[in-house]
Amino acid sequence: MRHSLVTCLRKSTSARNVVNGQWATTHYSVKDRSKDPRWKDIPMKRESDQYDVVIVGGGPSGLSAAIRLRQLAEKEGKELRVCVVEKAAELGAHTLSGAVIETRALDELLPNWKELDSPVKQKVTSESIAILTETGRIPVPVFPGVPLYNIGNYVVRLGHVVNWLGQVAEQQGVEIYPGYAASEVLYNEDGSVKGIATNDVGIGKDGAPKEGFERGMELHAKCTIFAEGCRGHLTKQVTDRFKLQTHPMSYGLGIKELWQIDPAKHRPGYIEHTMGWPMSSDSYGGSFLYHIEDNGQPLVSIGFIVALDYKNPYMNPYQEFQRYKLHPSIRSQLEGGQRIGYGARAINEGGYQGVPKLSFPGGCLVGCTAGLLNVAKLKGTHNAMKSGMVAAESIYKEIGTNPEKSSIEPASYPKALEDTPGYLGGLAYTGLFYVLGRGLEPWTLDHGKPDNEKLLPKDKAKPIDYNKKADNKLTFDLLNSVSLTGTNHQEDQPSHLTLKDDKAPLDINLKQFDGPESRFALLVSVYEFVPSETASDQMRLQINAQNCIHCKTCDIKDPSQNINWVTPQGGEGPKYDGM
């Protein structure tokens, strides 16, 4: 399936840059190269290719849309060219989720999936829900009808499921290009989306072209599906351009570890969810712990989710996760085991009121990039897959009805998705709070201000003591976690963690909030306030973009919304294995 895209683009490696030091923000999405004399006489023409549908993101929603489009075309004997562009080096390498999944969408998409050697094998056989105190736990009833009831669902390593879906999609005739990052939205003269362009490569960290500079490639389509996952950077652009968001989305941060535990403690198919300790009374969060057997390995997928509307700028989500593992009921399951995976990712928690308008001229949003996490069930995969399928059906119908149009809007998609059984009810409530409050929680109705505006100034917040030293057996420091993510970025390129204003970190974030970005980064030293080389009594912000695991928390929680996450070169970032 590798044709002109491969010959026109160089598959690149990884990213690092330092900001507020010798180089300030130099990324070409922020700095206009047309005014930079170093770019004079550099050829800027891009190659292009034409598709019927281009899909940005090779996760559950994007791949389900691609498969469904090809199924519809195959059924009617029509030609339909579908392309998936994925920034990870391979499909599933940027996927991180719990994950317990329902298979209704999979049953519909691939009715014979059980015969296709899929990695969906571990059924949920027992479960529990509890409120944790510092040393105890209070059971919460779970029974059929409660949103968190999971008996009969499946525990999966979602990255492996995504990789398998990619293989199915290629067999269906979908053209898939991992290792290529979509970095720019293209528009037609009438304002509709024309497609995307992949990122340029061969740019130094000072923003100047290097000897091997190559332009990205333009991929044009009648319809572009944005399936980037939570807080997609191109989704942000189309959301602003078409004014798709009417109510602010609320977010959470999911931090996950994968453990190989003592076989004597392993209970394949057992899952649990908790809330309460160690979170304070004015913060929201919860945990998951899933036992899964995978190729004979006794594995536990364990994670902690912190709602990003927290107020205390001294909150450190990573440290809260490490504290959670010290609870007697959690420690007892992990002791004697070995941690073999670590990662983190932002998630949507806004529910129905946070979902943006889903279609616009030339494109649509699907899956978690559209905020379609089912917060009542703490699941995103079913809605992601289903939204991709429904979008595909609407797009295929629209293309068939208007074959002469160069750009279409799948206007029937939002209504068709709303008519999907369970869709509205599933997005209306937040899971654990539904169990406790019978679905009457006022915070599910209106989130008010966006998460970044809810931080208190440092003089109104109490510092949190996280001084307990990691034992690197059960709890770990950030440095110990780096190697488990496989994160890598080429050093000599502009930082993809861009700043709209290079002065804001000191003038606003450090001065007013004591530099919260140094605490919500999920790998060691992504954001550091260090002494200035030019003035010993001053600080500067150093951004070590090579350590970024693409969780997007900084883009969401930065109090001044000055940090703008953009994609680094394709193939970079974490390399998760079945996370």
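Quick look at the numbers
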item: Yes/no for SER329 being in a loop (DSSP other than H, G, I, E, B) and not charged (D, E, K, R); result: no
item: Failed item, numbered, when ALA376 is tested on (1) buried (at least 24 other Cβ atoms within 10 Å of the Cβ); (2) farther than 26 Å from LEU289 by Cα; (3) hydrophobic (A, V, I, L, M, F, W, C); result: (2)
item: Inter-residue pairs, beta-carbon under 8 Å, first in contact (Cβ under 8 Å) with a residue 40 or more places away in the chain and in segment 101-124, second among the basic types (Lys, Arg) and in a strand (DSSP E or B), 6+ apart; result: ILE101/LYS379; GLU102/LYS379
item: Residue ID - least open to solvent (accessible area, probe 1.4 Å), chosen from residues in segment 457-467 that are farther than 11 Å from MET315 by Cα and in contact (Cβ under 8 Å) with a residue 40 or more places away in the chain; result: PRO457
item: Scan of segment 77-92 for residues that are surrounded by fewer than 24 Cβ atoms within 10 Å (Cβ to Cβ) and among the small types (Gly, Ala, Ser), ordered by number; result: GLY77, ALA89
item: LEU253 under 30 Å from GLU184 (Cα atoms) and part of a strand (DSSP E or B); result: yes
item: Answer residue from segment 328-355, given it is open to solvent by 10 Å² or more (accessible area, probe 1.4 Å) and in contact with a Gly (Cβ under 9 Å, 6 or more places away or on another chain) and is nearest to HIS220 (Cα to Cα) among those; result: VAL355
item: Among the residues listed as THR553, THR475, THR485, THR498, the single one being among the polar types (S, T, N, Q), in contact with a His (Cβ under 7 Å, 6 or more places away or on another chain) and open to solvent by less than 40 Å² (accessible area, probe 1.4 Å); result: THR498
item: Search result, residues across segment 158-172 that are in contact with a strand residue (DSSP E or B) (Cβ under 7 Å, 6 or more places away or on another chain) and either open to solvent by 10 Å² or more (accessible area, probe 1.4 Å) or among the charged types (D, E, K, R) (or both); result: GLU170
item: Selection from segment 91-101 of residues that are at pLDDT 95 or above and not aliphatic (A, V, I, L, M); result: GLY92, HIS94, THR95, SER97
item: Subset of segment 267-294 [in a loop (DSSP other than H, G, I, E, B), at pLDDT 95 or above and open to solvent by 30 Å² or more (accessible area, probe 1.4 Å)]; result: ARG267, PRO268, TRP277
item: Residue identified as at pLDDT 95 or above and open to solvent by 60 Å² or more (accessible area, probe 1.4 Å) among GLU127, GLU184, GLU175; result: GLU184
item: Qualifying residue in segment 63-76 (condition: among the small types (Gly, Ala, Ser), modelled with pLDDT of 95 or more and open to solvent by 20 Å² or more (accessible area, probe 1.4 Å)); result: no
item: Hey, ALA130 out of contact with any Cys (no Cβ under 7 Å at 6 or more places or on another chain), under 30 Å from LEU497 (Cα atoms) and in contact (Cβ under 8 Å) with a residue 40 or more places away in the chain or not; result: no
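Listed here are the residues, each with its yes/no results for (1) touching a helix residue (DSSP H, G or I) at 6+ places or on another chain (Cβ under 6 Å); (2) modelled with pLDDT under 95; (3) open to solvent by 10 Å² or more (accessible area, probe 1.4 Å); (4) not in a strand (DSSP E or B).
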position	(1), (2), (3), (4)
HIS382	yes, yes, yes, yes
GLY388	yes, no, no, yes
GLU393	no, no, yes, yes
LYS397	no, no, yes, yes
PRO410	yes, no, no, yes
GLY425	no, yes, yes, yes
PHE433	no, yes, yes, yes
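The values are calculated or read from the model by the stated rules, or taken from the named source; none is laboratory data. Small disclaimer: the values here were computed from a predicted structure and weren't measured. For neighbour counting, all protein chains shown are included, and Cβ atoms are generated from backbone atoms with ideal geometry for every residue, glycine included. Side chains included, ligands, DNA and RNA excluded: accessible areas come from the protein's heavy atoms. Shrake-Rupley method; radii C 1.70, N 1.55, O 1.52, S 1.80 Å.
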